[in-house]
Amino acid sequence: MNFVKRAAFSLGARRGKTSLLLGIFLVVCTLLLGGFLLRDATTRQEAEAQRRIGVDVTVRGAKLTSHTVDTLGSSPVVQRYNPVLRGVSKPPGLPLVTSNLPKPGRPEGGSDRGQDGLAVNGIRDSGMLLDFSTGRSTIVAGRGLTSQDNARKVVLVNQRLAAKNHLKVGDTVPLASPDGKHTDSFTVAGVYEDSRQDPPQWVAPSELSANQVYAPAAALSVLGFGTKPDEAVFKIRSPEQARQLHTEAARLLGTDGFRFDINDKAYRDQVLPLQRVGTFTTALVWLITLSGAVILTLIVTMTIRDRRDELGMLLALGEKKWKLIGQHTVEVAAVLLPALALAALAGQSLAHHAGTMLLVREQHSVTAGQNPADQNPTVSNIRMDIGDLGKVAAIGLGIALVATAVPGIGILRLHPRSILTDTE
């Protein structure tokens, strides 16, 4: 009889051990599939987090100019960059938001009209500003400023300033040069809301968040605010790329003539937990593979020992030893197919719940004192594809081969005479 047919009859006749093999393979395949799904999901989410969050590098220095900023911004490691040019403008005919508290040395109720002015910030990308990236400031009308605005005469104003002057998107706002000699009109591109409260003591109008306005740095330079930015912020993918950017900055600005500050807290809070989960799942896949191979090897070894008489009869009838090994391999491998199908039904759900628990634990350890739910730790992009099933099937087949190859060494040493004359 063909050894494949014998394997089929053997599986049907030994339903108990077949069910045991099926159960073990089901557990192994489910855990393996869940591990692969979770590892792939964390890899995708890590790449997305790196793209979305990145690392902010702030460069300051006496030699920092718009040209050097553009040169650094063209570096292949830089995703986005934002020069920041600060100044104070005293636009005519534009009432400012002032502090409700009395100025020190001035009688209560005294007027501060005409003092100080708007805090003007020349930027390239409002989305890179810390207040906007953290959600402290949000756009409530219109849009933010982007690199496409460049030298356009557009401005982003605070909601309180807009309300005081009855401004809306599309209206024009006068801005004056620092010396007050030149004035130009800027179109309101957007209105933003700032959640910060005013200081508990009197401050000048330019220090109030309500009087913070943002405009393209190039447009402010034409107005007379100069071309030298106070600082420049560069967004890179990971902290490891900061060394390359530092080298380029040192070449342009001199080794001792600049400050190079790295803000990677958001990166560490969001990406490191994902990396730890990925490392854990890789180790888990190896552990499951080795454990499954060891357990199945022991079971097949005990099965072969219990079937010594059957093996002896087959050898006495002239059956080749490699066919006996092949029969056991087919028996074990045949159980893999239904186990893989059942694992496909349970693997995705298991990976989703495991990923949620692991990320909650990791992010809690990194951001202690914060609510892990606020960090959105769930691995939401878990999806199964044929490649994951193929990897599990390949590992399962490898386990089946190992589980039968090791006991197969004992079959090669068997002699039918010694088996059939064994009185035990």
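Can you work out which of the residues in the range 56-92 that are without any contact (Cβ under 8 Å) to a residue 60 or more places away in the chain and in a helix (DSSP H, G or I) is most open to solvent (accessible area, probe 1.4 Å)? Filtering the range 56-92 for residues that are without any contact (Cβ under 8 Å) to a residue 60 or more places away in the chain and in a helix (DSSP H, G or I), the one most open to solvent (accessible area, probe 1.4 Å) comes out as H67.
Within the range 152-167, the residues that satisfy the criterion of being more than 21 Å from D125 (Cβ to Cβ) and assigned to a helix (DSSP H, G or I) are R160, L161, A162, A163, K164.
Of all residues in the range 95-105, those satisfying the criterion of being modelled with pLDDT of 85 or more and either buried (at least 18 other Cβ atoms within 10 Å of the Cβ) or over 18 Å from G117 (Cβ atoms) (or both) are L96, V97, T98.
For G122, the stated conditions hold: it is at pLDDT 90 or above, open to solvent by less than 60 Å² (accessible area, probe 1.4 Å) and touching a helix residue (DSSP H, G or I) at 6+ places or on another chain (Cβ under 8 Å). Using the structure shown, decide if D179 is loosely packed, with under 15 Cβ neighbours inside 10 Å, within 30 Å of L101 (Cβ to Cβ), of a type outside the set (V, I, T) and in contact (Cβ under 8 Å) with a residue 12 or more places away in the chain. Yes; evaluated as a whole, the condition is true for this residue. Being open to solvent by 60 Å² or more (accessible area, probe 1.4 Å) and closer than 30 Å to D264 by Cα holds for only one residue in R160, R143, R152, and it is R143. Of all residues in the range 245-289, those that are open to solvent by 20 Å² or more (accessible area, probe 1.4 Å), in a helix (DSSP H, G or I) and over 23 Å from S133 (Cβ atoms) total 14.
The values are calculated or read from the model by the stated rules, or taken from the named source; none is laboratory data. What you are looking at is a predicted structure, and each value in this text was computed from that prediction instead of being measured. So basically every Cβ, Gly included, is an ideal-geometry build from the backbone, and we count neighbours across all protein chains shown. Note: areas computed on protein heavy atoms with side chains; ligands, DNA, RNA excluded. Shrake-Rupley method; radii C 1.70, N 1.55, O 1.52, S 1.80 Å.
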